[in-house]
Amino acid sequence: MLELIANIIYEVTGKKGITPDTDFAQDLELNSFDVVNIVAAFEAHFNTTVSTRDIWQLRRVQDVLDYLEKKGFDHP
């Protein structure tokens, strides 16, 4: 799942070297617009929606992995 998330992040931002501890703002220097674009790509890939309230809880890659697992998307 991490590889899939890393690929989506790369497609949207061009950023590499993604680990579970990667912080979107601090490590990748992404702004809120970038994060929303990543979330939109996740939504398209997983055919789901992420509430605005939930988006702001996704600060690290591990947060995304946990969120997707909680939503039942634990397999690519």
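Values in this text are rule-based calculations from the coordinates and carry no lab data. Here the structure is a predicted model, which means the values were calculated and not measured. With ideal geometry, Cβ positions are generated from the backbone for all residues, glycine too; neighbour counts draw on all protein chains shown.
A Förster radius of 25 Å combined with the Cβ-Cβ distance from Ser32 to Leu2 puts the calculated FRET efficiency at roughly 0.60.
Assign unit charges at the C-beta atoms only (+1 for Lys and Arg, -1 for Asp and Glu), then state the dipole size of the chain relative to its Cα centre in Debye, rounded to the nearest 20. The partial results should precede the final answer.
Values: 7 positive and 13 negative charges, 26 e Å.
It comes to approximately 120 debye.
Between Glu43 and Asp63, residue separation times 0.36 nm minus the direct Cα-Cα distance comes to 5.7 nm.
Partner aspartates and glutamates whose Cα lies under 14 Å from the Cα of Lys16, excluding those fewer than 8 positions away in the same chain, are identified as Glu3, Asp27, Glu29. Within the chain, all pairs of alpha-carbon atoms sorted by distance into 10 Å bins from zero give the percentages 19, 64, 17. Counting alpha carbon pairs within less than 8 Å and at least 6 residues apart, what relative contact order, in whole percent, applies to the chain? With pairs under 8 Å counted, the relative contact order is 39 percent.
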